[in-house]
1. Of the residues Glu232, Glu246, which is at pLDDT 80 or above, surrounded by fewer than 17 Cβ atoms within 10 Å (Cβ to Cβ) and assigned to a helix (DSSP H, G or I)?
2. Using the structure shown, decide if Ala608 is without any contact (Cβ under 8 Å) to a residue 12 or more places away in the chain and of a type in the set (A, V, I, L, M).
3. Given the residues Arg562, Arg537, which is the only one that is surrounded by fewer than 17 Cβ atoms within 10 Å (Cβ to Cβ), outside any loop (DSSP other than H, G, I, E, B) and out of contact with any Pro (no Cβ under 9 Å at 6 or more places or on another chain)?
4. Only one of Met66, Met18, Met85 is touching a residue at least 24 places away in the same chain (Cβ under 8 Å), touching an Asp or Glu at 6+ places or on another chain (Cβ under 8 Å), over 26 Å from Val727 (Cβ atoms) and crowded, with 20+ Cβ neighbours inside 10 Å. Can you tell me which?
5. So is Leu474 at pLDDT 85 or above and in the same structural domain as Ala563 (by TED's automatic domain parsing) or not?
6. Does Leu603 fit the bill of being of a type in the set (A, V, I, L, M), crowded, with 21+ Cβ neighbours inside 10 Å, more than 22 Å from Thr735 (Cα to Cα) and in contact (Cβ under 8 Å) with a residue 12 or more places away in the chain?
7. When you check Leu226 against the structure, is it modelled with pLDDT of 65 or more and in contact with a Leu (Cβ under 7 Å, 6 or more places away or on another chain), yes or no?
8. Please specify each residue of the range 97-143 satisfying the condition of being within 29 Å of Glu61 (Cβ to Cβ) and small (Gly, Ala, Ser).
Amino acid sequence: MQYEFLKQFPKRMKHVGMYALVLQNSSQKQTWKQYGFLKTDEQINIIFALMLYIMEQSLKEEKCTMDDMGAYLDYLNMTYFNTGMSFDDCRKLGDFIINVILSNEGKAMYFDGYDFEQRAYKIMNISYVSNEIVYLDSDVKRTSYRLTEDGYNLLLSTLEIENNMKLTIHEMIFKMHLEKQSYDKAVDEIKNVFNLLRIQLQKIQDAMLRVRRNALSYSVSDYEQLLGENMESIDMTKQKFQSYRETVRKRAKELEEQNINVRKLSAQEEENLENLRIIESYLNRGIDEHQKILNSHFDLKILYEKELELLSQMSLIQRFSLRTDLYDKVLQDASGLDNIDIFLRPLFHQAPDKIYNLQKATQLQRPIRKKQQEEEEEVLDFDEDQWQEEYAARKRKRLMQYENSLGFVLDKMMEKGKITLQEMASSLGREEQNTLIPDIDIFKEIMVELIKSRHIDIDALRKEKSEYIAEETLDFQLNEMILELVDKDERRKHIHQIDIYRLEDGGVVEFRNIRNETGDGKTVRCSNVAYEIEEIRLSQQIFYYLLEHFELREEEEERLYRAYTEEEAVQNLVKSQAAEAESTVERYGDVIYLIPKEENVFLGFSKAKLKETLCKSAATDKDFYLSQFVILTLLVEFYDGQGSSSRSREYIRVGELQNCISARLKEGVENTSEEEEEQKGIAFRNMLEAYEALRSDDKGSRAKTTKEGFLYSILTFLEKQGLIEYVEEDEMVKTSKKLDNLMDWNLLNQNNYQRVRKVLEHE
């Protein structure tokens, strides 16, 4: 390249773009006049003053709600600007600056920087603030704001120091003041150094949040830059901090000893001692912060690799456009709303109704009796030692028969995971039958002990054995023998738990020509019993958990999550159970979901049940269609993208959603004549009339007779389903990770396009 100074030009333009977009979003906005800020200079000053407040709250790791920002702007106005604004005006001004100027109403912002090496414009995303849901007083939900990496970079660049130099410069100034014993100035500089470390940590945390949302929105170059940024200087800072701390402690100790043993310190010396204590505190916090940064770097590395691996799978998924393939067609023909519940069904879950099992009342109820201990008779023999040896030999031989029989049962369980006594009996050869039933008494005792145990936890037995010394015995002990059989055979190592239960309707199992101790042939009849090892039990636990919660997260139920993800047999069993329940089980990202199929009205909502849930008791079909149209409109506003993720915005305000609904209903009316609507039976005119008939209430009424109340009922339903986060006080709607996953991986997956066809093939 001839002109070397044009290298890294897009990076320079990114910094220019951060200023340009603020000016672009702010300029020509008539809203400023309402608050008395007429000049561009005044507007930019108040924007950056508010951003500095957000940065300060972020660094202190304190909440920053719209009320907090309103109070801050109110203080600035009363103290400095005197524009005549009330507190409510200041809060509205903060809302305008955050949501309109800095957030672009939740829509993504881009700036194009020309890449002279690639001969093309490079599209660069710019974001100044992010938000999260916080709880005040444990139950009040609010939106708290913080700066993003771009926001920090914008503010820090106003100091005209390169990012990679800021830490070094402030550290050098601190060292100079420390050496000159200007401790008051050293306090200010050590605070600056600590804040820069805190900013570095929050940049990494912000990057992790972006990666979790969409790893492809975070480029490899961004990743490498963040990992390398300030690491050398941070490492040097840690070593220097430890040295400075020793110096500070030594100087503080001298002053303390002087105060105790020599003379009372002067006012200046007292101040110096207090400043030294403050410096030491910040040095300690700085060293801790350094360790957090290093740990976060490793966490980011692991997370980034994991998410990219998952996205490599997503790259194979082709998505259709929700707007063009479904929404626009519904706007042309409202009758598609009659079947829209089929498309939406995978999103919604209802808990299965619990009913009393009448068979429980007819089952055999066994009384609980106290165990009676039998007294053993003392056996006397003139040659007692010889008798004892013969007795022990017989016991060992008999114990080996117990072991062979029980080992045979374990091996049969391992073959299928679950097996019944009837299944074993039907497949036994003569030799195998002799192994299973060496004699009637041995077989009877093993079966009785297994049934009595019902559930055997191998890991618990192993732990118990390690903690207690058991007496050696030649008598049959079920738990000890099972533990020994599992531990001595490598093939049985994956057996962790065994369940045994009688099959009430399993009939009678018959074994013929079984020898007793006297050698007589007998026929053994017994109840059918099922034996089940851990894979079956775990799969049932996982499926039941999914039935109850509809999703399984690693952080909430690690044991079940790991069993599903790491054991193929368990995963296949869970999927087969889901298939029987007209559902699918899928892992999207780090969450396992139970998803009802489009025809499933047991776990999913039927049309009638959904109408009952969404609408008031006297609601008509048009009210129900309107409710579903609102949900569909909300989805389109969020998921209209075709990039690495279909999600195209961070949030939407309730007021904007109301305007969208009204505009789209009017568009639907314009697309269809009254005659056509009358023929099709479902009319946008009726839905528009129903919507416009709802009165508006600025007081935020939850009555379903108001637009606000109507939307409130729908949004709270979606929130209960875990699909959105709705902050009523801030009138803000954000999508959940669950909804993002289901839309990207499932609903908009081209492989599931048949749902769209079913919606549109209404005739």
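The values are calculated or read from the model by the stated rules, or taken from the named source; none is laboratory data. Bear in mind the structure is a predicted one, so any value in this text is a computation, not a measurement. Cβ: placed from backbone, ideal geometry, glycine included. Neighbour counts: every protein chain shown.
1. Working: Glu232 fails: at pLDDT 80 or above.
Step by step, each of Glu232, Glu246 is checked, and only Glu246 is at pLDDT 80 or above, surrounded by fewer than 17 Cβ atoms within 10 Å (Cβ to Cβ) and assigned to a helix (DSSP H, G or I).
2. Details: without any contact (Cβ under 8 Å) to a residue 12 or more places away in the chain: yes; of a type in the set (A, V, I, L, M): yes.
When the stated conditions are applied, Ala608 passes them.
3. Numbers: Arg537 fails: surrounded by fewer than 17 Cβ atoms within 10 Å (Cβ to Cβ).
One residue alone meets the criteria, Arg562.
4. Working: Met66 fails: over 26 Å from Val727 (Cβ atoms); Met85 fails: over 26 Å from Val727 (Cβ atoms).
The unique qualifying residue is Met18.
5. Numbers: at pLDDT 85 or above: no; in the same structural domain as Ala563 (by TED's automatic domain parsing): yes.
Criteria not met by Leu474.
6. Numbers: of a type in the set (A, V, I, L, M): yes; crowded, with 21+ Cβ neighbours inside 10 Å: yes; more than 22 Å from Thr735 (Cα to Cα): yes; in contact (Cβ under 8 Å) with a residue 12 or more places away in the chain: yes.
Judged against the criteria, Leu603 is a match.
7. On the way: modelled with pLDDT of 65 or more: yes; in contact with a Leu (Cβ under 7 Å, 6 or more places away or on another chain): no.
No: the conditions fail for Leu226.
8. Answer for the range 97-143, where residues must be within 29 Å of Glu61 (Cβ to Cβ) and small (Gly, Ala, Ser): Ser103, Gly106, Ala108, Ser127, Ser130, Ser138.
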